[in-house]
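The values are calculated or read from the model by the stated rules, or taken from the named source; none is laboratory data. Owing to the predicted nature of the structure, the values given are computational and were not obtained by experimental measurement. Cβ placement follows ideal geometry from the backbone for every residue including glycine, while neighbour counts extend to all protein chains displayed. These area figures cover heavy atoms from the full protein model, side chains too; ligands, DNA and RNA do not enter into them. Shrake-Rupley method; radii C 1.70, N 1.55, O 1.52, S 1.80 Å.
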Amino acid sequence: MVTILRLLGRRLAALPLMILGITLLVFLVLQAAPGDQASSALGDGASEEAKEQYRQENGLNDPLVLQYFSFLGKLLQFDLGVTTPPAKSVASMIGSAFPLTLQLTFLGVLIAIVLSLTFGILGALYRDKWQDQLVRVFSIAAIATPSFWLGILLIQWFALGATPMFPSGGIATPESGFGGWLNSMALPALALGIPVSASLIRVVRTSMVEELDRDYVRTAIGNGVPYREVVSKNVLRNALVTPVTVLGLRVGYLLGGAVVIEMIFALPGMGQLILNGITNLDVNLVQGVVLTISITFVLVNIVVDLLYLLINPRIRTV
């Protein structure tokens, strides 16, 4: 417990520095983007006097250093600014869209975990047999399939066929209940989770094979411990250490992939926001979305570090 608290303390202590680096990187990249914010906000038909007044009111003529510190000051107050006209609070828009992205990411992670554990364990237990060969074919095909293309295929197969099973896009209304929500999220979650599960399957299978070949497994079986008990209580837990770490690294892909999948399935999540922000050169909106996703990725990796410590008790004494 002391080791876990020590690790958590170190991660939380480094969190402000990481967030500061993220804000600086996002700010500089967006400042270097082509285009004029005043023209995007007021339209190309606006007069130069109106554009100059907009720049003065929004501090666009200030040096980059002052603009950055002004941005940081607002961020410390949880003020992400407003969008280009019509003015709307960026924080409120993210607050409405981000839960949907988190829901989609969670379902994608859940699908990836279920598929990777099922097929990875199956391939390890039946290594080099026909079951293992099928698992290899599935993982290779899935890892070579982009999530956006898989999403389009799923729409054609299950939403636009003679007997549609799922909607082709949009999110169910609250009146539809949990069943309606799950029905509308099924295809996007599959398109997001299947490609990620492919790489995890290989990791789970490799970790399981390495553990099954260790001496303690042969010793336990030689002492009369049932094979199924050895696998479930010892081999599986030890083999999950590496896949958990890899899954944490793939969360960033899942969050980014969710943004793309949302646009394909017309889901009102962060993908729609960032598309609108880029199209309208709305720096505040793009900054808010990118910062939210980046900070979420950092927080998820802290949770993964703690899970790694819980699963692998051997490093608690290090």
Just checking, does region 48-59 include any residue being small (Gly, Ala, Ser), outside any loop (DSSP other than H, G, I, E, B) and open to solvent by 50 Å² or more (accessible area, probe 1.4 Å)? no
Restricted to region 134-173 and to residues being farther than 21 Å from Ala258 by Cα, loosely packed, with under 13 Cβ neighbours inside 10 Å and in contact with a helix residue (DSSP H, G or I) (Cβ under 9 Å, 6 or more places away or on another chain), the residue modelled with the lowest pLDDT is Pro164
Pairs where the first residue, in region 219-247, is at pLDDT below 80 and the second is open to solvent by less than 70 Å² (accessible area, probe 1.4 Å) and not in a helix (DSSP H, G or I), C-beta under 6 Å, 6+ apart: Val241/Asn312
From the options Val82, Val65, Val90, Val109, residue that is surrounded by 12 or more Cβ atoms within 10 Å (Cβ to Cβ) and either modelled with pLDDT under 85 or farther than 30 Å from Trp181 by Cα (or both): Val82
Qualifying residues in region 174-210 (those that are within 21 Å of Ala142 (Cα to Cα) and among the hydroxyl-bearing types (Ser, Thr, Tyr)) - the one surrounded by the most Cβ atoms within 10 Å (Cβ to Cβ): Ser197
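Is it fair to say Ile19 is part of a helix (DSSP H, G or I), surrounded by 13 or more Cβ atoms within 10 Å (Cβ to Cβ) and modelled with pLDDT of 80 or more?
Numbers: part of a helix (DSSP H, G or I): yes; surrounded by 13 or more Cβ atoms within 10 Å (Cβ to Cβ): yes; modelled with pLDDT of 80 or more: yes.
So Ile19 passes the test.
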For region 145-165, does any single residue satisfy the condition of being within 25 Å of Phe297 (Cα to Cα) and without any contact (Cβ under 8 Å) to a residue 24 or more places away in the chain? yes
Exactly one condition in (1) modelled with pLDDT under 75; (2) surrounded by 14 or more Cβ atoms within 10 Å (Cβ to Cβ); (3) among the β-branched types (Val, Ile, Thr) is false for Val26; which is it? (1)
Determine, yes or no, whether Ile264 is buried (at least 21 other Cβ atoms within 10 Å of the Cβ), without any contact (Cβ under 8 Å) to a residue 40 or more places away in the chain and either in contact with a Cys (Cβ under 6 Å, 6 or more places away or on another chain) or of a type in the set (Val, Ile, Thr) (or both). no
Sort out which residues of region 211-252 are open to solvent by 70 Å² or more (accessible area, probe 1.4 Å) and either touching a Lys or Arg at 6+ places or on another chain (Cβ under 7 Å) or not in a helix (DSSP H, G or I) (or both), and write them in order of number. Asp213, Arg214, Asn223, Pro226
In region 228-252, which residues are over 30 Å from Leu299 (Cα atoms) and in contact with a helix residue (DSSP H, G or I) (Cβ under 6 Å, 6 or more places away or on another chain)? Val230
